[in-house]
1. Please work out if Leu126 is at pLDDT 80 or above and not in a loop (DSSP other than H, G, I, E, B).
2. Can you tell me which residue among Leu225, Leu216 is surrounded by fewer than 18 Cβ atoms within 10 Å (Cβ to Cβ), assigned to a helix (DSSP H, G or I) and out of contact with any strand residue (DSSP E or B) (no Cβ under 8 Å at 6 or more places or on another chain)?
3. Conditions first: (1) at pLDDT below 90; (2) surrounded by 14 or more Cβ atoms within 10 Å (Cβ to Cβ); (3) assigned to a helix (DSSP H, G or I). Ser260 passes all but one, so which condition is the exception?
4. Run down Phe37, Phe88, Phe33 and say which single residue is in contact with a helix residue (DSSP H, G or I) (Cβ under 8 Å, 6 or more places away or on another chain) and modelled with pLDDT under 90.
5. With respect to Val172, determine if the residue is within 30 Å of Ser49 (Cα to Cα) and surrounded by 15 or more Cβ atoms within 10 Å (Cβ to Cβ).
Amino acid sequence: MDSSNYRAFELVMGDAADEVARRVTIILAVVGFLAHFSIWALHITGRISIEGDAVELVSSPLSSLYTPFSILLVYEVYQLIRTIPDSFSSSVGKQYEIATLLVVRDILKRLSEIEGASGWEIGDDLGFLLVESGAFIALFYTSLTYYRISVETPKASEITEDVATFVETKRVIANLMLIVFVLIAAYSFWSWVTSVQEGGGSVSRAIFFLDFFTFLILADILILLISYWFYTDFGNLARNTGFVLSTVIIRVAISSEGVSSMILFTLSGLLGIAILRMFMPDNPIQKAWKQPESL
């Protein structure tokens, strides 16, 4: 494979590029954590004054964990885009990892703001924290299950011409999604900085991820439609449609707030597990359709 699209993919998302991105991410996460903690220390000692909604980022030393987790989430999005040519299930597995980290980041942010209640009374913040922890467990279990199944599932020894063409098409989509990723990230960061200057600066999971998952859904639907050009069996269509539905639920969860968002995150995880179980190699449903793993 020596197409320009393949070379472009290898240049920005190949193994060598991923290794560089991983090292840069770790360095930026450490630097970001130290910088955020320093800003908190300067604010708490009165050396600098932070006002507006952005003050929530310096409300506690635990708030300094928000920055490194955000940087790690950016790397996970990059990893998600890299998996698009591999298989639909691998891409969705990365989506669950991102959703898990989003919930963890929210939990850490809430821990920096929570106020305990006396006696046996459970405050609203603590109650919602328990709900978030339940959603985290569901998503974490889903992510681990996806990883285990992807390792255990045998890969096809030979790639047909149709599969090779389909994979090359998905590389085109991955390259386009990387451009979308950079543009949305730059726009989101610029909008947040502008908001801080105007007295805002509140942070939420909707920043960047709401827009990105919107484009990701469009990409998934496009891949679903293209896959039907090569493989028309209902099993493959049903499985991939279920994965797209799971992505849509994650996107709605990102835009939601409160308990409803955690319910939606948990529902997406349960849906993913159900699809995986139905299409396990030893499941009768999987044996009936035998869709290619490379899809």
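The values are calculated or read from the model by the stated rules, or taken from the named source; none is laboratory data. As the structure is a prediction and not an experimental result, all values here were calculated from the model. Virtual Cβ from ideal backbone geometry, glycine too; neighbours counted across all protein chains shown.
1. no
2. The match here is Leu225.
3. (2)
4. It is Phe88.
5. no
Conditions tested, residue by residue: (1) among the polar types (S, T, N, Q); (2) surrounded by fewer than 22 Cβ atoms within 10 Å (Cβ to Cβ); (3) at positive phi.
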| residue | (1), (2), (3) |
| --- | --- |
| Leu57 | no, no, no |
| Ser60 | yes, yes, no |
| Ser63 | yes, no, no |
| Phe69 | no, yes, no |
| Leu72 | no, yes, no |
| Leu80 | no, no, no |
| Ser87 | yes, yes, no |
| Thr100 | yes, no, no |
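Okay, residues lined up against (1) modelled with pLDDT under 85; (2) under 22 Å from the mean Cα position of the chain (by Cα); (3) not in a helix (DSSP H, G or I):
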position: Ile114; (1), (2), (3): yes, no, yes
position: Ala117; (1), (2), (3): yes, no, yes
position: Trp120; (1), (2), (3): yes, no, yes
position: Ile137; (1), (2), (3): no, yes, no
position: Glu168; (1), (2), (3): no, no, no
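Conditions (1) touching a residue at least 60 places away in the same chain (Cβ under 8 Å); (2) outside any helix (DSSP H, G or I), marked per residue:
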{"residue": "Arg22", "(1), (2)": "no, no"}
{"residue": "Leu28", "(1), (2)": "no, no"}
{"residue": "Ile39", "(1), (2)": "no, no"}
{"residue": "Ile48", "(1), (2)": "no, yes"}
{"residue": "Asp53", "(1), (2)": "yes, no"}
{"residue": "Leu57", "(1), (2)": "yes, no"}
{"residue": "Tyr66", "(1), (2)": "yes, no"}
